[in-house]
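What follows is a single structure, written as structure tokens, with notes after it.
Any read-out appearing in this document is the output of simple, stated calculations on the displayed coordinates, not a laboratory observation. Everything numeric here is computed off the predicted structure, so don't read it as measured data. Cβ sites come from the backbone with ideal geometry, for glycine too, and all protein chains shown count toward neighbours.
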Amino acid sequence: MLRKNRLFTPGPTPLLPAAQTAMAAFTAHHRTADFKALFQRVLADMKEFIGTQNDVLVLACSGTGVMEAAVSNLTSPRDKVLVLTAGKFGERWTGLAKAFGCEVDVLSAPYGETFSLAEVRARVNLDVRAVFVQATESSTGVRHDVEGIAKIVRASGNDTLLVVDAITGLGTTHLDVDGWGIDVIIGGSQKALMMPPGLAYCAVSEGAWKRMDTTTSARYYFDLRKERKSAAKGETAYTPATSLFAALGAALEFVRGMGGGNLAKGREKLVNNAELCAEMTRAGAKASGLNLYASAPAAALTAISAPEGVDSGKIVKEFRESFDAVVANGQGEMKGKLFRIAHIGYYDYLDTIGILGALEHVLERVLEKKMEYGSALRAAQEVYARAVAEKRQLVDA
Ligand SMILES: *Cc1c(COP(=O)(O)O)cnc(C)c1O
């Protein structure tokens, strides 16, 4: 059978066709009025996409580059910081903070779980200069309670900064960045923005800008103050990834279109879309007799435990070989134990139904037993129908 290559990975994600064509067509030099207009429009739109009044910067690097920038700009060697980690991306915060000489207090939750807020509260004290966490831990599919964590940090009564890696959280999760008081929130182009890897972005609070005046860690390319100064003049400090900015402009237009001309509304819809695709996927997985890996599942992706005695690598391979569908294996110690199906960005009903239909065939192969066709699909369809019906009631009410 003909097979279309499709990504179900938590980054990179499927590309928006309009973003691809915008990229291919873009030729302007970066020190021209044309680029300046695009750059300024994109930065203004990014505030709406993130949902913040804070300054937004867009840099040419992968998401980890801006994670590193957050550490190097906001901390000094020997600063005490708190890392909340429950997976491979949380561990990245620990590695980065140590690389810049911070004294790192690590509060970890087991893979597949999230933190108890009481434990977080016990660790946030006057000495902690910054708290680092993920909004959604893409290695385990867990959603962390960013609002609850932010409340604790704000209630601590000192100037502790809260830094959130929302690289898969933005565009899949409702996040009130300014209302909750998130100081730095970080995203990446290859996730909900439906474009290739290469850009990462952040929104930075006044408190975080203030901190940067006193920190002493080494930074050069990732000196956010320099980028901010340039951005105020409609420029970047160094050569920007011009064609990716064109793609980003097109992606933001698409999200605005989802909101009927209102970008903030479009973002809400994009998040609701991820939530619904995720709920359908969870229902389908459970109806197929599978267990979810995450205790508090994110809308960004669904992590599913491999059935007893089956290496999840076999499932990943079967998806690829039979359907050219790319799903993700577990990372690190979780390799072989789970597989991950993402719903970040450019996914719809048919993608979701398609992967669940394929899942039934894949399970039949790896388990070597006859599956009841349609049970995953029916469970997902019930979720979809319920969501549609509930929305109708809302409109009618
Ligand atoms: C994708 C991702 C990153 C960044 O990875 P890069 O490869 O550097 O873009 C960081 N954190 C989370 C939660 C992610 O999903």
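By count of other Cβ within 10 Å, fewest leading, how are Met67, Met1, Met46, Met212 ordered?
Ranked by crowding around the Cβ, least crowded first: Met1, Met212, Met46, Met67.
Using unit Cβ charges (K, R positive; D, E negative) and no other charged atoms, how large, in debye to the nearest 20, is the dipole of the chain about its Cα centre?
I would put it at about 520 debye.
Could you give the angle, 0 to 90 degrees to the nearest 10, between helix 349-367's Cα long axis and the longest principal axis of the Cα atoms of the chain?
60
Cα-Cα pairs above 39 Å in the chain: how many percent?
For the chain, the share of Cα pairs beyond 39 Å comes to 18 percent.
Give the angle, between 0 and 90 degrees and rounded to the nearest 10, that separates the Cα long axis of helix 88-99 from the longest principal axis of the Cα atoms of the chain.
20
Quick one: net charge around Phe35, please, counting Lys, Arg +1 and Asp, Glu -1 for every other residue with C-beta under 15 Å from its C-beta.
Result for the neighbourhood of Phe35: +2.
Fewest Cβ neighbours within 10 Å first, please rank Asp55, Asp348, Asp165 accordingly.
Asp348, Asp55, Asp165
Mind pulling the angle between the C-alpha long axis of helix 63-74 and the longest principal axis of the chain? Nearest 10 degrees, somewhere in 0 to 90.
So the inclination is approximately 30 degrees.
Sort Cys102, Cys61 so that the residue with the fewest other Cβ atoms within 10 Å of its own Cβ comes first and the one with the most comes last.
Cys61, Cys102
Over all distinct Cα pairs, what is the inverse of the mean 1/r for segment 67-130, reported as the Kirkwood hydrodynamic radius in Å?
It is 12.0 Å.
Can you tell which of Leu301, Leu356, Leu193 shows the greatest fluctuation in a Gaussian network model of the chain with Cα springs below 10 Å?
Comparing Leu301, Leu356, Leu193 in the GNM, the peak value goes to Leu356.
Over the Cα atoms of segment 169-262, how large are the radius of gyration and the largest Cα-Cα distance (Dmax), in Å?
15.0, 46
On a 18 Å Cα-Cα criterion, which of the cross-link pairs Lys4/Lys335; Lys98/Lys337; Lys36/Lys210; Lys317/Lys337; Lys47/Lys265; Lys314/Lys335 come out too long?
Long pairs (Cα-Cα over 18 Å): Lys4/Lys335; Lys98/Lys337; Lys36/Lys210.
Using a Gaussian network model of the chain whose springs link C-alpha atoms within less than 10 Å, name the residue from Gly234, Gly261, Gly87 with the highest mean-square fluctuation.
Top of the fluctuation ranking is Gly261.
What does the charge count around Leu7 come to, taking other residues whose C-beta lies under 12 Å from its C-beta (Lys +1, Arg +1, Asp -1, Glu -1)?
Net local charge, Leu7 excluded: +3.
Among Gly354, Gly157, Gly51, which one shows the biggest mean-square fluctuation in a GNM of the chain, springs joining Cα atoms closer than 10 Å?
The residue with the greatest mean-square fluctuation here is Gly157.
So which aspartates and glutamates pass the test for Lys151, namely a Cα distance under 15 Å, with those fewer than 8 places away in the same chain ruled out?
Correct list for Lys151: Glu119, Asp159, Asp176, Asp178, Asp183.
Report the net charge of residues surrounding Val131, where surrounding means a beta-carbon distance below 10 angstrom and charges are Lys +1, Arg +1, Asp -1, Glu -1.
Neighbourhood net charge equals 0.
Could you give the Stokes-Einstein D for segment 309-375 in µm² per second, using the C-alpha Kirkwood radius, 25 °C, 0.890 mPa s?
196
So for the chain: antiparallel DSSP bridges make up what percent, rounded to the nearest 5?
Approximately 55 percent, going by the DSSP bridge assignments.
Using helices alone, what [θ] at 222 nm do you get for the chain, with -39,500 (n - 2.57) per DSSP H run of 4 or more residues, divided over all residues and rounded to the nearest 500?
-14500 deg cm²/dmol
What is the distance in Å between the Cα centroid of segment 141-212 and that of segment 223-299?
Answer, in whole Å: 13.
At what distance in angstrom do the alpha carbon centres of segment 32-67 and segment 106-126 lie from each other?
32
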